[in-house]
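Before any comments, here is the structure.
Throughout, read-outs are computed from the coordinates displayed, never taken from laboratory work. Everything quoted here is computed from the prediction, not taken from an experiment. Note that each Cβ is placed from the backbone with ideal geometry, even for glycine, and that neighbours are counted across all protein chains shown.
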């Protein structure tokens with residue numbers, strides 16, 4: 001049970017992380033680089049052996065864990081309300097996608113094509129956040145998920161939202177959010193979990209964050 005709770009929490013943190021990254025990009029034109037890399041990598045981790053492996057390790061969703069903890073446990077300011085709206089929209093959109101087997105197959109086919117084009121020696125996986133990868137993921141989102149409801153409306157500074165590079169990265173990150181929402185549902189997550197197990201999820205997020213705070217980064221990388 002504890003393992004399942006941990007995995008569910010990591011998956012939900014992935015959704016919150018994507019929401020926070022979208023917010024950062026839309027308002028500031030930039031985002032947390034480590035979190036962005038982990039989220040982009042997660043889209044291409046189609047057959048990862050565990051929830052943790054989807055993000056490289058638990059440290060990959062540190063931003064998401066923090067955001068989840070704060071948004072589920074405290075009264076929300078305007079920024080928190082915006083993040084929660086994105087999270088709700090992503091979870092709802094993924095539920096709609098679940099019933100569209102044709103679109104699901106098309107998305108998976110295109111992601112396999114993107115993966116096949118990656119460098120063979122991609123140890124640090126940093127190339128997965130480069131412009132070409134972001135462009136392909138953004139186009140995939142635009143031609144598939146953006147055509148079904150609910151359409152996710154992103155708020156922010158017009159200068160950033162109108163910038164083609166930023167707009168592409170926002171779409172790519174939204175695709176990462178859908179990937180995490182898919183994982184969350186695979187692990188038994190859903191509305192009832194959020195409604196009745198909210199405090200348990202917050203407690204698990206805190207526990208993971210405390211564990212990460214006491215675990216040296218070098219050891220974390222070696223163990224993963």
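A few remarks follow.
- In region 140-172, of all residues being in contact with a helix residue (DSSP H, G or I) (Cβ under 8 Å, 6 or more places away or on another chain) and closer than 15 Å to residue 111 by Cβ, the one that is surrounded by the fewest Cβ atoms within 10 Å (Cβ to Cβ) corresponds to 142.
- Residue within region 94-102 that is crowded, with 24+ Cβ neighbours inside 10 Å and under 12 Å from residue 177 (Cβ atoms) present: no
- For region 1-51, a residue qualifies if it is within 24 Å of residue 153 (Cβ to Cβ), part of a helix (DSSP H, G or I), over 13 Å from the mean Cα position of the chain (by Cα) and without any contact (Cβ under 8 Å) to a residue 60 or more places away in the chain, and exactly one does: 24.
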